[in-house]
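Step one of this worksheet: look at the structure below.
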Amino acid sequence: MGILTQKRRGASIPPPPTPFGGGPGGSHSSFPISTAYVGTYVLMTAIIMLFAGLSSALIVLHGVPQWQNITVPNSVWANTMVLLASSVAVEFARAAIRKDQQSSLRQWLAISGLLGVAFLVGQVFVWRQLVNAGVYLSTTIHSSFFYVLTGAHALHLLGGLVGFGIVMYRAFANRLTAANHEPLKVWALYWHFMDVVWIYCFLLLILA
């Protein structure tokens, strides 16, 4: 009886379970979403607010007598296809990592990144076409919004290429696996989001 009492006194009470699968010393956070996703969603919200403000101003100013449409270069259509193709390549990369196909992952990531760079180069070409046609930032209200909207998008897409570099480094370092490839998922979310922003700006400027 004394031995039983001693065991009961020495027994420790197990700690209560931590929400969302975490525990003492565990790798899971008690927050249901990672900080990388939180930061990305905050950034995307800020971008939405920026472009919503710019597009609202465009819609308001579209009705003023001074409004004069510019001819948008046809190369913008080809540039749009390049960016969409980049997103398709991202999805092939995600499919490859789910099967743990490291070589295929790197190939599709490289294609996606190259297409992203090609889009930015193509955008510079579009701006040069406008300049050669005598259409500058201050030429008309429409031209002002064209330069500002496409320039703001290009700047944020350039930031996405920085994220691409990080993902690419992890891919070549074999730090992305089928079980753990969150950096790729977060970057893909942002990249696809910038596609949506571009299509919105593209239609807004074409239909203005």
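Each value in this text was obtained by applying a stated rule to the coordinates, not by laboratory testing. What you are looking at is a predicted structure, and each value in this text was computed from that prediction instead of being measured. Note: ideal-geometry Cβ built from the backbone for every residue, glycine included; neighbour counts use all protein chains shown.
Below is a table of values for the structure above.
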{"item": "Residue-averaged 222 nm ellipticity for the chain, from DSSP H runs of 4+ at -39500 (n - 2.57), nearest 500", "result": "-25500 deg cm²/dmol"}
{"item": "Tilt relative to the chain, helix 35-61 - C-alpha long axis, 0 to 90 degrees, to 10", "result": "20 degrees"}
{"item": "Potential extension, Leu161-Val131 segment - 0.36 nm per residue separation minus Cα distance", "result": "8.2 nm"}
{"item": "Three-way shape call for region 23-136 based on the alpha-carbon gyration tensor, with the a/c threshold at 1.5", "result": "oblate"}
{"item": "C-alpha center-to-center spacing [region 116-136, region 164-182] in angstrom", "result": "33 Å"}
{"item": "Whole-percent pair-distance distribution, where bins are 10 Å wide, for the alpha carbons of region 151-193", "result": "30, 48, 19, 3"}
{"item": "Cα shape, region 45-94, gyration tensor, a/c 1.5 rule", "result": "oblate"}
{"item": "Inter-label distance for Leu61 and Gln102, nm, one decimal - labels placed 7 Å from Cα along Cα-to-Cβ", "result": "5.2 nm"}
{"item": "Burial ranking of peptide ranges 190-200, 40-50 (average Cβ count within 10 Å, highest at the top)", "result": "190-200, 40-50"}
